[in-house]
1. Restricting to Cα pairs below 8 Å that are 6+ residues apart, what does the relative contact order work out to for segment 1-147? Please round to a whole percent.
2. Nearest 20 debye, what's the magnitude of the dipole of the chain about its Cα centre given +1 on Lys and Arg Cβ and -1 on Asp and Glu Cβ?
3. Where both partners of a DSSP beta bridge lie in the chain, what percent of those bridges are antiparallel, to the nearest 5?
4. Specify which residue in the list LEU54, SER97, LEU206 is farthest towards the positive end of the charge dipole of the chain, using unit charges on the beta carbon of Lys, Arg (+1) and Asp, Glu (-1), about the Cα centre.
5. Which percent of the Cα-Cα distances in segment 74-225 go past 19 Å?
6. If every alpha-carbon in the chain counts as one equal scatterer, what log10 I(q)/I(0) does Debye give at q = 0.07, 0.13 1/Å?
7. Using a 1.4 angstrom probe on heavy atoms only, work out the carbon and sulfur share of the accessible area of the chain in %.
8. Could you order the peptides 103-112, 55-64, 232-241 from most to least packed, using the average number of other C-beta atoms within 10 Å per residue?
Amino acid sequence: MNPRKILVTGGAGYIGSHTVRQLLREGHEVTVVDNLSKGHRHNVPEACLFEMDLADTESLARLMRKRRCEAVIHFAAFIAVGESMRLPSKYFVNNVSGSLSLLSAMVETGVRHIVFSSTAAVYGDPASSPIRENFPIQALNPYGESKVMVERILEWYDRIHNLTSVCLRYFNASGADPEGGLGEQHDPETHLIPLIFRAIQTGQPLTVFGDDYPTPDGTCVRDYIHVNDLAQAHILALEYLIQGGASERFNVGTGIGHTVLETIRTVEAVAGKKVPYVVGPRRDGDAPALVASSDKLRQKLGWSPKYADLRTIVEHAWKFASKEL
Ligand code: UFG
């Protein structure tokens, strides 16, 4: 692949920083825009990082011109489902109007390709599994709805401005770069695997949210996808768009589901320690099972996950977490 000049929003965050590292490894020129409200300065090389808010359309356009960006990967967004149920406007303002500001800067500067971070949350509670891209869209919370809105806005920008996009609908991003130095560091942390680690490290039991779902052991099933495999999907999508590919939506997952209890057992095997946990009530808005069909991504972009098994994902995440805490 030819070296490209890429703008990455939210590049100092979890998935963004892994993607930036992979882009740099492949020889691309990367410009990271991050307001550091959630991301970490130490996640990206200083020379790439521009501390800037997405709402600042003029500065974004100036930077894109100066750095001669050819395409954008857009991660910057708030991601906490529970918080979005309490503070919907925070999610609509940041995720939707931030994206609109970015799109204005792209139109103004003639940048015509964008890879967008979408989510399995756009499917809500689907009737069957594995989930395909043509399943009904029915977000159950403002976070998911904000992603649906941006997906729809992108359709109009294609029709009106010839701006092509790939929306990647992530399942459960997890793991860490095996080379070290990058990993999951959310504040507050809401994701299962880092919370299982925290239970081991603090002795405070994890709460398993419900064990009466219609699943093999009663706990929720999720499709855990290694963050480096997600990063690779972005790079393939980017090249596809630059080569003239039409706008598309792809699921990104392994196609394999694991229950919460299976995930706990996998962590116990990797860490060699018991995980203290208690079973609590269901968490509002949790779907019983979310497993991707990624056939479209495999067939159309030639993607395939390198670290598809949960044990490897947990090993990489544990390596990072046991150094951090
Ligand atoms: N879980 C627990 N206890 C916890 C935390 C999580 O039992 O303390 C369970 C949840 O109920 C769920 C599973 O672990 O069944 C995974 O939960 P996460 O919070 O790690 O992830 P989600 O599946 O809720 O959410 C993820 C992303 C969202 C995205 C969603 C799409 O974090 O951004 O997938 O399905 F919207």
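The values are calculated or read from the model by the stated rules, or taken from the named source; none is laboratory data. Keep in mind that this is a model prediction, so the values were computed, not measured. Note that we place each Cβ from the backbone using ideal geometry, even for glycine, and neighbour counts take in every protein chain shown. Areas reflect the complete protein model, heavy atoms only, side chains present, ligands, DNA and RNA absent. Shrake-Rupley method; radii C 1.70, N 1.55, O 1.52, S 1.80 Å.
1. 23
2. That gives the chain a dipole magnitude of about 480 debye.
3. Details: 2 of 39 bridges.
DSSP beta bridges in the chain are roughly 5 percent antiparallel.
4. Result: LEU54.
5. 63
6. Cα-only, vacuum Debye calculation for the chain: -0.26, -0.94.
7. 51
8. Per-residue Cβ counts within 10 Å, averaged per peptide and sorted highest first, yield 232-241, 103-112, 55-64.
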